[in-house]
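S.K.: One structure follows; several queries about it will come next.
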Amino acid sequence: MKHRIRTVMCVSALMIAVPVLAGDGASVGDSAPGFTLADTAGNKVGISDFEGKVVVLEWLNPDCPFVQRHYKAGTMKNLATKYGSEGVVWLTVNSTKYMDAEANAKFKAANDLPYTILVDQSGEVGHLYGAMTTPHMYIVDGDGTLVYNGAIDDDPRGNKGETATNYVAVALDEVLAGNAVTTAKTKPYGCSVKYK
């Protein structure tokens, strides 16, 4: 009898853990999950608003040292500016449970960002995509297909300098040239997403 009760309890615990396991969410080759979120000004922004365009999704937490390093270096802002001139849309999603629109607006202003930060305090969109770290990067092509999922680059320690490979830049160059992304999935690095 004791054995049977113990087994049921273990199964229940596993069922609770499954939705947040790494690897859940959208996969490369899938249609990008649809969503609508409010930006820092309260405007509703949906991924479907950018139909036919290449969209980069960046998961953000301003408190994360990895994010701070990339923003100090201008990694995201420079990419967004460079590829924005080629019609690429850059959307930043903050699924941090304690970061509201005001906190995101302060970060946007402090860094003079040319792109939108979307507020996902519930974590719903983060879980939909399977975002695990900040940063965690996704690229959606003009057909609405997820073509990249992973790290911003191959330099988690930040010590490679000019020799680092920026996976997002390489993938965007390939997509814009009409080619398949050669490195479509990498292991994201950074701080864990602070979900609710």
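The values are calculated or read from the model by the stated rules, or taken from the named source; none is laboratory data. Quick caveat: nothing in here was measured; it's all calculated off a predicted structure. Positions of Cβ are generated from backbone atoms using ideal geometry, with glycine treated the same way; all protein chains shown enter the neighbour counts.
S.K.: Out of the residues in segment 160-186 meeting the condition of being surrounded by 21 or more Cβ atoms within 10 Å (Cβ to Cβ) and free of Cβ contacts under 8 Å to residues at least 40 places away in the same chain, tell me which one is farthest from G84 (Cα to Cα).
M.R.: Result: Y167.
S.K.: Any idea which of (1) in a loop (DSSP other than H, G, I, E, B); (2) surrounded by fewer than 20 Cβ atoms within 10 Å (Cβ to Cβ); (3) touching a residue at least 12 places away in the same chain (Cβ under 8 Å) is the one R157 doesn't satisfy?
M.R.: It is condition (3) that R157 fails.
S.K.: When both residues are 6+ apart or on different chains and their Cβ atoms are under 8 Å apart, which pairs have a first residue that lies in segment 67-89 and is over 19 Å from N104 (Cβ atoms), and a second that is of a type in the set (K, R)?
M.R.: Note: pairs meeting the criteria are G87/K53; V88/K53.
Residue-wise test of (1) of a type in the set (S, T, Y); (2) on the phi > 0 side of the Ramachandran plot; (3) surrounded by 12 or more Cβ atoms within 10 Å (Cβ to Cβ); (4) part of a strand (DSSP E or B).
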| position | (1), (2), (3), (4) |
| --- | --- |
| A26 | no, no, yes, no |
| G34 | no, no, no, no |
| D49 | no, no, yes, no |
| F66 | no, no, yes, no |
| M76 | no, no, yes, no |
| L79 | no, no, yes, no |
| K82 | no, no, yes, no |
| L118 | no, no, yes, yes |
| G126 | no, no, yes, no |
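S.K.: For segment 168-196, give me each residue that is in contact with a Ser or Thr (Cβ under 7 Å, 6 or more places away or on another chain), within 25 Å of V119 (Cα to Cα) and not in a strand (DSSP E or B).
M.R.: Across segment 168-196, the qualifying residues are P188, Y189, G190, V193, K194, Y195, K196.
S.K.: Still on this structure, please answer the following. Suppose we keep only residues that are within 13 Å of the chain's Cα centre (by Cα) and part of a strand (DSSP E or B) within segment 128-146. Which one would you say is nearest to C64 (Cα to Cα)?
M.R.: Taking segment 128-146 and keeping what is within 13 Å of the chain's Cα centre (by Cα), we get 128-140, 146.
Among the residues that remain, those that are also part of a strand (DSSP E or B) are: 133-134, 137-140, 146.
Numbers: T133: 10, T134: 7, M137: 15, Y138: 19, I139: 22, V140: 25, L146: 25 Å.
In this case the residue turns out to be T134.
S.K.: Something else: Out of (1) more than 22 Å from T81 (Cβ to Cβ); (2) crowded, with 23+ Cβ neighbours inside 10 Å, the odd one out for G144 is which?
M.R.: (2)
S.K.: Limited to segment 140-196, what total is found for residues that are charged (D, E, K, R) and either farther than 18 Å from E58 by Cβ or at pLDDT below 95 (or both)?
M.R.: Matching residues across segment 140-196 total 6.
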